[in-house]
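Before any comments, here is the structure.
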Amino acid sequence: MAHMPSPSIKRLPGLELLRLVAASCVLLLHVRAVFGGQRVFGLGYLGVDFFLMLSGFLMARVQEPRLDHGAAPWSFLRRRFWRLWPMMALGGLIGLPRLWLRSADLPNFLLAALPNMALLPVWWWTFAFPLNIPAWTMTCELACNAAHVLGLWRLRRWWLIGLAAALLVADGWISWHFHGLDVGPKSDNFFWGALRCLAAYVLGIVLARWWQEEPAVPVPWWVALPLMPALLPLVWWTKAQGWWFDIGFVVLACPLMIAGAMRLDRFHRAALWLGQIAFPLFALQMPILQGIRQLGGNYWIGLGVAAAAGVLVAVLAAHISAWRILRRNNVMAM
């Protein structure tokens, strides 16, 4: 029997813009981490929790209806990996020279470079992904995506809520034990980072199923979009940060940002284009910043080059995607 076509899901411009906002906050964290100075965006690592919650939210909205209509989970996972891998591989290529300089010999270099290029962590370096430190989040996101399409999507309401509650308790313990949620990049806390990512991801699924097409919280979009870049420096300036703020950001601020962004129904074309910058900006920033520092550059050069690379690669990726679609249509028309 033929499967019914899955329902179409419209793109939400507010969520596209939030991708870029979160990626920019992570960039402002990393540029100070590499070059030093006052870390006004020292809590920018919370952008990871937002990304994972947004991923779970969008997967529940977009992929669960397709799974209900017979979509193959393994086919989705294969496409998902090949969608994310090329950009992460480009970031890895940029990071190769620095990894070579830090490696003791060729075997040591290859034993880190080859697994990292395949988005696999290594445990014998300080960082699980010495080639491109933020790549750990992509590995965790892919793992969450796999868990979702292979099992989580089948969980009914109360089982899912119970799982989310248990994970948030664990997330609170992680935040308390490590004095914040800045865990995951290093080999010795990678497991806790993966658990942190899963907690945010499952909460995103809960929100998507609860809200459906209309968020239950009446947050204006013009409050939601600047909330993260306004809140993080404010907390740094008032010295109010602590483990309780990190877990509160996940439980309160991230859902509020998603709820408000869902209410934006304008600027579709601009938002879609700006949202496309977020992934290359996130994927390429750290190896670029570290490379600029290795070459003797400063904060502003690193920030400018990383931001420009994100824009240029996004434009190039859009042109390649358009060319592939045109080529496929021409082949089908023959």
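Looking at the structure I just gave you, is R293 in contact (Cβ under 8 Å) with a residue 24 or more places away in the chain and charged (D, E, K, R)? So R293 passes the test. Of all residues in region 171-187, none satisfies being at pLDDT below 95 and of a type in the set (K, R). When we screen I288, I320 for residues that are hydrophobic (A, V, I, L, M, F, W, C), over 30 Å from V206 (Cβ atoms) and over 21 Å from the mean Cα position of the chain (by Cα), the only hit is I320. Taking the criterion of being farther than 30 Å from R154 by Cβ, among the small types (G, A, S), in a helix (DSSP H, G or I) and in contact (Cβ under 8 Å) with a residue 24 or more places away in the chain, the only residue of region 200-246 that qualifies is A224. Of the residues in region 8-17, none is modelled with pLDDT of 95 or more, in contact with a helix residue (DSSP H, G or I) (Cβ under 8 Å, 6 or more places away or on another chain) and of a type in the set (V, I, T). Please find, within region 74-117, the residue that is surrounded by the most Cβ atoms within 10 Å (Cβ to Cβ) out of those that are of a type in the set (G, A, S), assigned to a helix (DSSP H, G or I) and free of Cβ contacts under 8 Å to residues at least 60 places away in the same chain. Checking each candidate, the answer is A112.
Against the list (1) aliphatic (A, V, I, L, M); (2) farther than 21 Å from L46 by Cα; (3) not in a helix (DSSP H, G or I), the condition V183 fails is (2). Screening the candidates L274, L281, L264 for the property of being surrounded by 16 or more Cβ atoms within 10 Å (Cβ to Cβ) and closer than 30 Å to L99 by Cβ yields one hit, L281. Looking across region 160-176 at every residue that is in contact (Cβ under 8 Å) with a residue 60 or more places away in the chain and not aromatic (F, W, Y), the one that is surrounded by the most Cβ atoms within 10 Å (Cβ to Cβ) is identified as D171.
The values are calculated or read from the model by the stated rules, or taken from the named source; none is laboratory data. Computed from a prediction, not measured in an experiment: that's the story for all the values here. All Cβ positions, even for glycine, are placed from backbone atoms using ideal geometry, and neighbour counts span all protein chains on display.
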